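What follows is a short report on a single structure.
The values are calculated or read from the model by the stated rules, or taken from the named source; none is laboratory data. Owing to the predicted nature of the structure, the values given are computational and were not obtained by experimental measurement. Glycine also receives a Cβ, built like all others from the backbone with ideal geometry; neighbour counts cover every protein chain displayed. Heavy atoms of the whole protein, side chains included, go into the accessibility calculation; ligands, DNA and RNA do not. Shrake-Rupley method; radii C 1.70, N 1.55, O 1.52, S 1.80 Å.
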Amino acid sequence: MAKNDTKKGNWSGRFNEPVTELVKRFTASIGFDHKLALYDIDGSLAHAEMLAAQKIITQKDLKAIQSGLKSIQKEILAGNFKWSTDLEDVHSNIEKRLIDKVGDAGKKLHTGRSRNDQVATDLKLWLRAVIDEIIQKIRLLQLSIVQLADKHQKTIMPGFTHLQVAQPVTFGHHLMAYYEMLQRDLTRFEDARKRMNHLPLGSAALAGTGYPIDRYRVAKKLKFADVCENSLDAVSDRDFAIEFTFAGSLLMTHLSRFSEELIIWSSAMIGFVEIADRFCTGSSIMPQKKNPDVPELVRGKTGRVTGHLMGLLMLMKAQPLAYNKDNQEDKEPLFDTANTLLDVLTIYADMLKGITVNEKNMKEAALKGYATATDLADYLVSKGIAFKDAHEIVAKVVNAAIKKKCNLSELKLDELKKFSKVISNDIYSHLTLEGSIKSKNHIGGTSFEQVKKSINKAKQRLK
Ligand code: ARG
């Protein structure tokens, strides 16, 4: 590489040789970490205010730093800030601009601080805000689910195991299963937020600082519940990034399962639901096609988010204490995870509002699949037959119905009696889909009454 391809880093008084353009580009994070700019300024304002309160800098310096940072804030918000790769990252870019604006006072901001505790603090501030937004969006998605379930409290569909018709359930019950998954996701994000809400700032590069700082004052200002107790841990910990991405991966896994169902249900072969046109695309060659692109992409993006989780775990696995430059690699997966989750949650809540349900197809599928066979076995048990024997008897009844091409409730009483003489006329209330559903009347069961209760409970929670 030619000599004039190189330029000396502005931060370096120690180096005899400038880095090459490639090394500069390779080591810079400004291309992505400018996203942290406003949080970086919040952190700096809190730090400067503490330095002045502790008489480490003068009130005059503080005023200059504050006005400089405020005007930088305005430039960033207006989109007028010029980020420079020569200045490596968001922290150095802002600091340089501050010094340009306010002179010597700006050079004092970095007293008792390092970019190591600074970046950990910025990232936590940013992630905390993201988590708050994600929690709000999960609740909106839950609301969409509950509203759809409310409309379909009594819509009967087959419940599946092994994707084979198993027992009848209500569509409302099926949907509320996803409400439950999302409720666990929501509390996982809340937990992660609590655990990460400790302030790294004050740890400086790794060992702490000799200045008489007041870390609790900074924590309070930045709304951290506490301060990190060990400076080495504070600057090198990225557990919060991993936990967040794990909570995101599991959320995506749940939505991927939901997507898979929507894709299957909306295929012409099944025809349980139709997804509104605005979430689908057509084919350039097959005019009849309506493709469920949105659920397919949600399923696809689950791989992407889970990939980020693996990436972050691998990023951390061999790092000695304390800060290492490796940590700079935490940002892109984290930012991409946040963007993906926010988009997916928003689009999903909207998509569920555009679902049309084909109740007739759902019911027919439940009838076709002998979904009440277990109810017949339970009936026989109630008449004194051991469950194993009842199971055997019902298998034979199902075979007979298959041969006759009818469903179980269409078999005549004398036909049924051939399989077991304990069967009498009261059997028919058990063989219908409604009868089967009504009998599952305990908490967690699919009876109309229980589904209504769980929907009401969810509505209460979402208020
Ligand atoms: N850009 C860096 C990062 O993202 C900031 C911290 C740099 N610290 C250092 N000692 N090089 O992690």
Pick from Thr161, Thr187: which is among the polar types (S, T, N, Q) and either under 13 Å from Val451 (Cα atoms) or open to solvent by less than 60 Å² (accessible area, probe 1.4 Å) (or both)?
-> Thr187
Given the conditions (1) in a helix (DSSP H, G or I); (2) surrounded by 15 or more Cβ atoms within 10 Å (Cβ to Cβ); (3) at pLDDT below 95, which single one is not true for Met50?
-> (3)
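Can you tell me how many residues within the stretch 112-145 are more than 16 Å from the ligand (Cβ to nearest atom) and under 28 Å from Asp233 (Cα atoms)?
Taking the stretch 112-145 as the starting set, the residues that turn out to be more than 16 Å from the ligand (Cβ to nearest atom) are 128-145.
Now drop any that are not under 28 Å from Asp233 (Cα atoms), which leaves 128-135.
So the answer is 8.
Per-residue answers, yes or no, for (1) part of a helix (DSSP H, G or I); (2) within 30 Å of Ser44 (Cβ to Cβ):
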site: Asp150; (1), (2): yes, no
site: Phe160; (1), (2): no, no
site: Leu175; (1), (2): yes, no
site: Arg184; (1), (2): yes, no
site: Ala192; (1), (2): yes, yes
site: Ala204; (1), (2): no, yes
site: Thr209; (1), (2): no, yes
Could you please let me know if Tyr379 is touching a His at 6+ places or on another chain (Cβ under 8 Å) and either modelled with pLDDT of 95 or more or away from the ligand (no atom under 16 Å from the Cβ) (or both)?
-> yes
For Asp122, state whether it is in contact with a Leu (Cβ under 8 Å, 6 or more places away or on another chain) and within 30 Å of Pro333 (Cα to Cα).
-> yes
Quick one: is Gly106 away from the ligand (no atom under 16 Å from the Cβ) and either under 18 Å from Gln66 (Cβ atoms) or assigned to a helix (DSSP H, G or I) (or both)?
-> yes
May I ask you to list pairs of residues, at least six apart or on different chains, whose Cβ atoms are under 7 Å apart, with the first in the stretch 113-127 being without any contact (Cβ under 8 Å) to a residue 60 or more places away in the chain and the second being surrounded by 22 or more Cβ atoms within 10 Å (Cβ to Cβ) and part of a helix (DSSP H, G or I)?
-> Arg115/His91
Residue within the stretch 317-340 that is among the polar types (S, T, N, Q) and open to solvent by 50 Å² or more (accessible area, probe 1.4 Å) present = yes
Does the stretch 189-208 contain at least one residue that is within 20 Å of Ala149 (Cβ to Cβ) and modelled with pLDDT of 95 or more?
-> no
The lone condition Val298 fails out of (1) in contact with a strand residue (DSSP E or B) (Cβ under 8 Å, 6 or more places away or on another chain); (2) within 20 Å of Leu251 (Cβ to Cβ) is (1)
Out of the stretch 412-463, which residues are assigned to a loop (DSSP other than H, G, I, E, B) and under 49 Å from the mean Cα position of the chain (by Cα)?
-> Thr432, Lys440, Asn441, His442, Ile443, Gly444, Gly445, Thr446, Ser447, Lys463
For the stretch 72-94, which residues satisfy the criterion of being in a helix (DSSP H, G or I), away from the ligand (no atom under 16 Å from the Cβ) and surrounded by 14 or more Cβ atoms within 10 Å (Cβ to Cβ)?
-> Ile72, Gln73, Glu75, Ile76
Where residues in the stretch 223-261 are part of a helix (DSSP H, G or I) and among the acidic types (Asp, Glu), which of them is farthest from Met310 (Cα to Cα)?
-> Glu261
